[in-house]
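The values are calculated or read from the model by the stated rules, or taken from the named source; none is laboratory data. A quick note: this is a predicted structure, and the numbers were derived from the prediction, not measured. Glycine gets a Cβ as well: all are built from the backbone with ideal geometry, and neighbour counts include every protein chain shown. Surface accessibility is based on the protein's heavy atoms, side chains included, excluding ligands, DNA and RNA. Shrake-Rupley method; radii C 1.70, N 1.55, O 1.52, S 1.80 Å.
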Amino acid sequence: ELPVADDDLIGRLQKFVVSALPHDGATLSAAARALGMSVRTLQRRLQTRGIVYAGLVDDVRRRLSGKYLADANLSLGEIAYLLGYSESSAFNRAYRRWTGRTPSADRRSVAA
């Protein structure tokens, strides 16, 4: 479970993203529907907070990746799936962008 932001809208969005990622459903339109508002209203509310939806999704993925990597029962493929990536290679690229390291290298350092 991620720490929920003080902002209720952001907290609700983060919870939605966590639950929707494994089902490839963390789209902006799905998020707006889940929160009972139009896409435009959601975009406007995020904009007033200086947040872009894609950035929020990326941040949720980044934070979850560390938690999932610490779980030795999850394979890298399963982690990629849980984070909403269609392929492990896409997760590897994103993880390298976030950390400068590969997920397998970080997993080995945690296990050591």
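One line per residue, one yes/no per condition, for (1) within 20 Å of LEU28 (Cβ to Cβ); (2) in contact (Cβ under 8 Å) with a residue 24 or more places away in the chain:
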site: GLY50; (1), (2): yes, no
site: LEU56; (1), (2): yes, yes
site: ASP59; (1), (2): yes, no
site: ALA72; (1), (2): no, yes
site: SER75; (1), (2): no, no
site: ALA80; (1), (2): no, no
site: LEU83; (1), (2): yes, yes
site: SER88; (1), (2): no, no
- Message: With more than 16 Å from the chain's Cα centre (by Cα) and under 16 Å from ASN92 (Cα atoms) as the only criterion, which of SER75, SER65 stands out?
- Response: SER75
- Query: Looking only at the range 26-47, which residues are touching a residue at least 12 places away in the same chain (Cβ under 8 Å) and part of a loop (DSSP other than H, G, I, E, B)?
  - Reply: ALA26, LEU35
- Message: Looking at the structure I just gave you, is ALA90 under 14 Å from the mean Cα position of the chain (by Cα), open to solvent by 20 Å² or more (accessible area, probe 1.4 Å) and among the aliphatic types (A, V, I, L, M)?
- Response: yes
- Message: Restricting to the range 10-24, count the residues that are without any contact (Cβ under 8 Å) to a residue 40 or more places away in the chain and surrounded by 13 or more Cβ atoms within 10 Å (Cβ to Cβ).
- Response: 4
- Task: Name every residue in the range 70-84 that is open to solvent by 90 Å² or more (accessible area, probe 1.4 Å) and part of a helix (DSSP H, G or I), in order of residue number.
- Result: TYR81
- Message: I need the full set of residues from the range 58-74 which are more than 18 Å from GLN14 (Cα to Cα) and in contact with a Phe, Trp or Tyr (Cβ under 9 Å, 6 or more places away or on another chain), in order please.
- Response: LEU69, LEU74
- Message: Just to check your reading of the model, which residue among ARG96, ARG101 is open to solvent by 50 Å² or more (accessible area, probe 1.4 Å), on the phi < 0 side of the Ramachandran plot and in a helix (DSSP H, G or I)?
- Response: ARG96
- Note on LYS67: of the conditions (1) open to solvent by 40 Å² or more (accessible area, probe 1.4 Å); (2) in a loop (DSSP other than H, G, I, E, B); (3) under 18 Å from ARG108 (Cα atoms), unmet is (2)
- Note on the structure: Here the residues within the range 48-58 that are buried (at least 17 other Cβ atoms within 10 Å of the Cβ) and part of a helix (DSSP H, G or I) are TYR53, LEU56, VAL57
